[in-house]
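Notes for the one structure printed next.
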Amino acid sequence: MSALAPTLQAFFTDRLARQRQASPETVAAYRDGLRLLVSFASRRVHKEPSQLDIGDLDAPLITAFLDSLEQQRWNTVRTRNARLAAVH
């Protein structure tokens, strides 16, 4: 397992759920955004999602992901920025 998987798990179970007491809707929005990112990164770097590492998610990849949201998924700037917030 890569370092990305346990980091994401800790983010959802510890940071969002316990520390921030995020609503189920907020957790779902972050989950959906990160799922899109992991899927995009997997295709881009030619690795299975379970093999992705934090280092695979560099600035050029994140920029390409955000651009793809607007150009291929027809997301608005508002939705794109919400996805960026999940990445941060």
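No lab work stands behind these numbers, since they all come straight from the coordinates. What you see is a predicted model; the values in this text were computed from it and never measured.
Output ³J(HN,Hα) for the stretch 25-34: one whole-Hz value per residue in order, computed from phi by the Karplus curve 6.51 cos²θ - 1.76 cosθ + 1.60 with θ = phi - 60°, and x for Gly and Pro.
3J(HN,Hα) across the stretch 25-34, in whole Hz: 5, 5, 4, 5, 5, 5, 4, 5, x, 6.
Select from Glu25, Glu48, Glu70 the residue whose mean-square fluctuation is largest in a Gaussian network model of the chain (Cα-Cα springs shorter than 10 Å).
Among Glu25, Glu48, Glu70, the largest mean-square fluctuation in the Gaussian network model of the chain belongs to Glu25.
Sort all Cα-Cα distances of the stretch 21-61 into consecutive 5 angstrom bins from zero, then give the percent of pairs in each bin up to the one containing the longest distance.
That works out to 5, 23, 27, 18, 12, 12, 3, 0, in percent per bin.
Hey, what do the phi angles of the stretch 57-70 turn into as Karplus ³J(HN,Hα) couplings, whole Hz, using 6.51/-1.76/1.60 and θ = phi - 60°, x for Gly and Pro?
Per-residue couplings from phi come out as 9, 8, 4, x, 5, 4, 4, 5, 4, 5, 5, 5, 4, 6 Hz.
How high is the relative contact order of the chain, given as a whole-number percent (alpha carbon pairs under 8 Å, six or more residues apart)? If you can, show how the numbers build up before the last one.
Values: 50 pairs, mean separation 29.6, N = 88.
Normalised by residue count, the contact order of the chain is 34 percent.
Per DSSP H run of at least 4 residues, take -39500 (n - 2.57); add these up for the chain, divide by its residues and hand me the 222 nm value, nearest 500 deg cm²/dmol. Kindly include the intermediate steps, with their values, before the conclusion.
On the way: 4 runs with 53 residues, N = 88.
-19000 deg cm²/dmol, from helical runs alone.
Scan around Asn75 for amide H atoms under 5 Å from its own, H built in the peptide plane at 1.01 Å from N, and keep only partners 5 or more places away or cross-chain.
Glu70
Anyone know which of Arg15, Arg35, Arg78 comes out most mobile in the 10 Å Cα GNM of the chain?
Arg78
Hey, of (1) 3, 12, 16, 20, 24, 16, 6, 2, 1, 0; (2) 3, 14, 24, 25, 19, 13, 3, 0; (3) 3, 13, 20, 22, 20, 14, 6, 1, 0, which did the structure itself give for P(r) over Cα pairs in 5 Å bins from 0, in percent when calculated?
(2)
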